[in-house]
Amino acid sequence: YVTHDQTEAMTMGDRIVVMKDGFIQQVDTPQNLYDTPQNTFVAGFIGSPQMNFIESVILKKDGQFFVEFGTEDTKTTRGVKYYIPLPESKNEGGRLEEYVGKEIVMGIRPEDVHNEPRLLEEYADCKVYANVEVTELMGAETFLYLDVEGFKFTARVEPTSTARPGDTIEIALENNKIHLFDIDTEQTIIN
């Protein structure tokens, strides 16, 4: 059975082949495609709304790995750089060592971007400021379309969120759900 509708494939398939330009990108179960995509195409194709992608740099300080992104203008002191700590589990097999100081692409799904007070507290070291551009109430959830230092984010939050267009809010990135991709090959570094 062939479909271009990823939702249909995810609900009907036991095993899915994701193709791009006639080439197989990944063959897996629906859950594995979602949780452990092999590249940015699969990560962006599976899931609705799609995964957020942010050009970043991997840093290491005192044995701890961080994802750095944002802007900083030293002349005007505008802009903010954010440093999101990565859990030790993200350096499985020492995979991050070769990427220290290099540009990568960080991916995070909208449901792993939070503005609920309890989660802002739980992920206090993973908070960033975001400008709310659009809110979309979906009934059981709200989609927030955000700008963080020029990067576009989508967050899937509780319908009780009080965020409104024009607001600047704090959001927390669930750092154990971050995906990292090689910026050149687009292949997954770590899920």
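Quick notes
- Hull volume in cubic angstrom per residue (convex hull over the Cα atoms of the stretch 1-81): 144 Å³
- Ratio of the Cα radius of gyration of the chain to 2.2 N^0.38 Å, where N counts its residues: 1.07
- Taking amide H positions as modeled 1.01 Å from N, with prolines and chain starts lacking one, the residues under 5 Å from ILE190 and 5 or more places away or on another chain are LEU180.
- In the chain, helical runs assigned H by DSSP with n ≥ 4 each contribute -39500 (n - 2.57); averaged across all residues and rounded to the nearest 500, the mean residue ellipticity at 222 nm is -3000 deg cm²/dmol.
- Karplus-derived HN-Hα couplings along the stretch 178-191 (A = 6.51, B = -1.76, C = 1.60, θ = phi - 60°), whole Hz, x at Gly and Pro: 6, 10, 10, 10, 5, 5, 8, 8, 6, 7, 5, 8, 7, 9
- Förster radius 41 Å - calculated FRET efficiency between ASP147 and MET12 (Cβ-Cβ, nearest 0.05): 0.70
- Dipole of the stretch 67-131 [Lys/Arg +1, Asp/Glu -1 at C-beta], most positive-end residue of GLY101, TYR129, ASN115: TYR129
- Put a plus charge on the Cβ of each Lys and Arg, a minus charge on the Cβ of each Asp and Glu, and nothing anywhere else: the dipole of the stretch 1-52 about its Cα centre is then about 80 debye.
- Simple label model, 7 Å out from Cα along Cβ direction - ASP5 to ARG118, nm: 3.5 nm
- Computed over protein heavy atoms with a 1.4 Å probe, the accessible surface of the chain works out to 56 Å² per residue.
- Accessible area, probe 1.4 Å, largest first, for residues ASP125, ASP28: ASP125, ASP28
- Rounded to the nearest 20 debye, the dipole magnitude of the chain is 200 debye, with +1 charges on Lys and Arg beta carbons, -1 on Asp and Glu beta carbons, and the Cα centre as origin.
- Carbon plus sulfur fraction of accessible area for the chain, probe 1.4 Å, in percent: 48 percent
- Within the stretch 141-191, the proportion of C-alpha pairs whose separation exceeds 13 Å stands at 69%.
- Out-of-range pairs (alpha-carbon distance over 24 Å; input LYS60/LYS177; LYS20/LYS127; LYS81/LYS177; LYS20/LYS102; LYS61/LYS81; LYS61/LYS102): LYS20/LYS127; LYS20/LYS102
- Using a Förster distance of 35 Å, the FRET efficiency for GLU158-GLN31 (Cβ separation, nearest 0.05): 0.90
The values are calculated or read from the model by the stated rules, or taken from the named source; none is laboratory data. The model shown is predicted, which means the values in this text are computed figures rather than measured ones. Because the Cβ atoms are built from the backbone with ideal geometry, glycine has one as well, and the counts that use them run over all protein chains shown. For the accessible areas, the whole protein counts, side chains as well, though only heavy atoms, and no ligand, DNA or RNA atoms are used. Shrake-Rupley method; radii C 1.70, N 1.55, O 1.52, S 1.80 Å.
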